[in-house]
Amino acid sequence: MTGPSGTPSVSVTSAPERVVVKDPPPEPDYPRHRVEPGEPARLAERDPGETEHYTRKKDVAEELAVARKRIGELQARLYAEHERSLLIVLQAMDTGGKDGTIKGVFQGVNPQGCQVWSFKAPSSEESDHDFLWRYHQRIPSAGMIGIFNRSHYEEVLVVRVKSLVPEQVWRGRYDTINAFERALTDSGVALVKFFLHISRDEQRRRLQSRLDDPEKHWKFSANDVAERAYWDDYQRAFEDALTKCSTPYAPWYVVPADTKWYRNLVVARTIADTLEAMEPRYPPAESGLDQVTIPA
């Protein structure tokens with residue numbers, strides 16, 4: 001199946017390893033972290049501390065550098081092609097590592113072709129529109145990589161846990177989100193979604209480290225402790241969202257995130273393979289360039 005101008009369809013992002021890797025599984029084995037469409041996410045059965053066969057940060061340094069380089073090179077092609085885009089969604093519990101993932105994975109990527117959007121509580125204007133309105137405004141345009149630090153999934157997470165809307169409202173949003181993402185992929189926007197899966201103990205350690213280091217106090221809020229009390233409720237909300245909204249055209253990956261360097265490696269390799277499966281291409285050169293001479 002092809003997309004604009006005969007380029008590969010964004011549907012290949014559903015399982016990029018089948019296009020890119022000659023002898024699956026790849027290393028790291030990111031396909032095993034994918035929530036297969038129609039299958040339950042089963043967060044309780046997924047180990048947030050898993051690192052496969054890797055044992056130290058330096059074990060992944062070379063592989064991570066290779067993945068970053070691939071992302072940079074493929075992003076340049078995507079930008080030059082100017083026909084499709086890639087949207088990356090990052091969701092996590094508090095302290096889950098969304099900011100750290102962005103810093104750790106996108107080093108060296110040309111900022112001209114990559115934008116990060118963080119979504120906090122909606123403004124009064126945003127609240128006056130439908131629940132997807134503010135997110136639709138930030139969908140990456142042709143040639144761009146867009147990163148959502150939190151996303152439209154907040155509308156079935158925090159609103160559910162905090163009872164901000166009736167249950168019949170947030171339950172109906174799963175189908176609306178799937179239709180929204182289907183429309184995006186049909187128009188040339190590839191989607192890859194990552195849930196950075198940390199343990200309750202790891203969250204406690206990260207919160208405590210912010211308290212112990214005066215230079216990290218700016219990261220800490222008393223509300224972080226209050227939110228921690230909702231841990232089980234958020235886990236159930238995440239599990240339902242991952243299960244109901246991991247589709248063939250917009251898959252979810254549950255990335256073990258207790259170990260930051262392993263998290264970064266999995267995310268980077270998945271993005272690099274997804275971009276490669278999309279096969280972005282430089283546009284054809286202007287005819288007659290072989291006859292052009294730059295005057296002295």
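Key figures
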item: Of residues in the stretch 12-43 being at pLDDT 95 or above and outside any loop (DSSP other than H, G, I, E, B), the one farthest from PRO284 (Cα to Cα); result: LEU43
item: Boolean, TYR262 is assigned to a helix (DSSP H, G or I), within 24 Å of GLY104 (Cα to Cα) and touching a strand residue (DSSP E or B) at 6+ places or on another chain (Cβ under 7 Å); result: yes
item: Matching residues, the stretch 100-119, being in contact with a strand residue (DSSP E or B) (Cβ under 7 Å, 6 or more places away or on another chain), farther than 15 Å from ILE139 by Cα and assigned to a helix (DSSP H, G or I); result: THR101, ILE102
item: Residue within the stretch 1-11 that is in a helix (DSSP H, G or I), in contact with a Lys or Arg (Cβ under 8 Å, 6 or more places away or on another chain) and modelled with pLDDT under 95 present; result: yes
item: Tally of residues being over 15 Å from GLU239 (Cβ atoms) and surrounded by fewer than 16 Cβ atoms within 10 Å (Cβ to Cβ) across the stretch 166-187; result: 12
item: Residues located in the stretch 254-296, provided they are β-branched (Val, Ile, Thr) and within 31 Å of the chain's Cα centre (by Cα); result: VAL254, VAL255, THR259, VAL266, VAL267, THR270, ILE271, THR274
item: Any chance GLU239 is in contact (Cβ under 8 Å) with a residue 40 or more places away in the chain and within 20 Å of GLN107 (Cβ to Cβ); result: no
item: GLY96 being modelled with pLDDT of 95 or more, part of a helix (DSSP H, G or I) and under 16 Å from the mean Cα position of the chain (by Cα); result: no
item: Subset of the stretch 166-211 [touching a residue at least 60 places away in the same chain (Cβ under 8 Å) and not in a helix (DSSP H, G or I)]; result: GLY188, VAL189, ALA190, LEU191, VAL192, LYS193, PHE194, PHE195, LEU196, HIS197, ILE198, SER199
item: Among residues of the stretch 127-144, those that are modelled with pLDDT of 95 or more and either among the polar types (S, T, N, Q) or assigned to a helix (DSSP H, G or I) (or both), counted; result: 6
item: Residue selected from the stretch 271-296 under the condition acidic (Asp, Glu) and over 30 Å from TRP252 (Cβ atoms), by the criterion modelled with the lowest pLDDT; result: ASP290
item: Filter pass, LEU289 being in contact (Cβ under 8 Å) with a residue 60 or more places away in the chain, among the aliphatic types (A, V, I, L, M) and either surrounded by fewer than 19 Cβ atoms within 10 Å (Cβ to Cβ) or more than 26 Å from HIS152 (Cβ to Cβ) (or both); result: no
item: Failed item in (1) touching an Asp or Glu at 6+ places or on another chain (Cβ under 7 Å); (2) at pLDDT 95 or above; (3) surrounded by fewer than 18 Cβ atoms within 10 Å (Cβ to Cβ), with ARG46 passing the rest; result: (1)
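This table checks each residue for (1) out of contact with any Cys (no Cβ under 6 Å at 6 or more places or on another chain); (2) buried (at least 16 other Cβ atoms within 10 Å of the Cβ).
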{"residue": "SER141", "(1), (2)": "yes, no"}
{"residue": "ILE145", "(1), (2)": "no, yes"}
{"residue": "ARG150", "(1), (2)": "yes, yes"}
{"residue": "LYS193", "(1), (2)": "yes, yes"}
{"residue": "ASP213", "(1), (2)": "yes, no"}
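The values are calculated or read from the model by the stated rules, or taken from the named source; none is laboratory data. Since the model is a prediction, treat every value here as computed from it, not as a measurement. Ideal geometry is used to build each Cβ from the backbone, glycine not excepted, and the neighbour counts take in all protein chains shown.
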